[in-house]
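Scroll down for the structure; my scribbles are underneath it.
The values are calculated or read from the model by the stated rules, or taken from the named source; none is laboratory data. Nothing here was measured: the structure is a model prediction, and the numbers come from that model. FYI the Cβ positions are ideal-geometry reconstructions off the backbone, even for glycines, and counts take in every protein chain you see. The protein model used for the area step is the full one, side chains on, heavy atoms only, and it has no ligands, DNA or RNA in it. Shrake-Rupley method; radii C 1.70, N 1.55, O 1.52, S 1.80 Å.
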Amino acid sequence: MQRGALLDAARTLLSEGGTEALTFPALAERTGLARSSVYEYFRSRAAVVEELCAVDFPVWAAEVESAMERAGTPEAKVEAYVRQQLALVGDRRHRAVVAISAGELDAGAREKIRAAHGGLITMIVEALAALGHTQPRLAAMLLQGVVDAAVRRIELGAAESPEEITEAAVAMALSGVRG
């Protein structure tokens, strides 16, 4: 129960203030625990971040996968892949994952995040192969690059609205996958 409250507080801190806001005193204050109690659950900030990624990324990926499953054609799957990821940008879980990826993590935590992202990329490979790409994994990585750039643009609070950024990313992705 306390661990869940700490993770929820960590999500809030990360989404409101980025990695700098995630401190053990802030976690203790948000949860009403003593600072020393936070250390009973997590040995470091990196451990909090690593657990958040382990808990939240699969949920986020499942939402993307579900949107793709509802799509009927390979092109519609690509569109769903892009749209669902960008729709999740405002979600606290996503904000936490973005803040996490910008933070200082040990090599093991970074590798787990890379592996989780690899799973996301794997979701779209089949659709890209069905569209005739001879190197669908490479195409998937490049497509994810478009998504990542759009995510960063939305997160920065760019001059364009999130909807405009989403439409541009979808158009670019579909144009690229059609070749």
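Key figures
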{"quantity": "Using alpha-carbon coordinates, inclination of helix 136-155 to the longest axis of the chain, degrees", "calculated": "50"}
{"quantity": "Degrees between helix 107-130 axis and first principal axis of the chain (Cα, 0 to 90, nearest 10)", "calculated": "20"}
{"quantity": "Cα gyration tensor of region 114-178 - equivalent ellipsoid semi-axes, whole Å, descending", "calculated": "23, 15, 7"}
{"quantity": "Per residue accessible area of the chain, 1.4 Å probe, in Å²", "calculated": "51"}
{"quantity": "Stretch gain in nm, segment A171-A54, where the contour uses 0.36 nm per residue and the Cα spacing is subtracted", "calculated": "39.0 nm"}
{"quantity": "Carbon and sulfur %, accessible surface of the chain computed with the full protein complex present, 1.4 Å", "calculated": "55"}
{"quantity": "On Cα atoms only, tilt of 2-17 relative to the major axis of the chain in degrees", "calculated": "60"}
{"quantity": "Label-point separation, S66 to R3 (7 Å along Cα→Cβ), nm", "calculated": "2.4"}
{"quantity": "Debye log10 I(q)/I(0) for the chain, one point scatterer per Cα, at q = 0.10, 0.13, 0.20 Å⁻¹", "calculated": "-0.43, -0.68, -1.27"}
{"quantity": "Square roots of 5 times each gyration tensor eigenvalue, C-alpha, region 1-75, largest first, Å", "calculated": "32, 12, 10"}
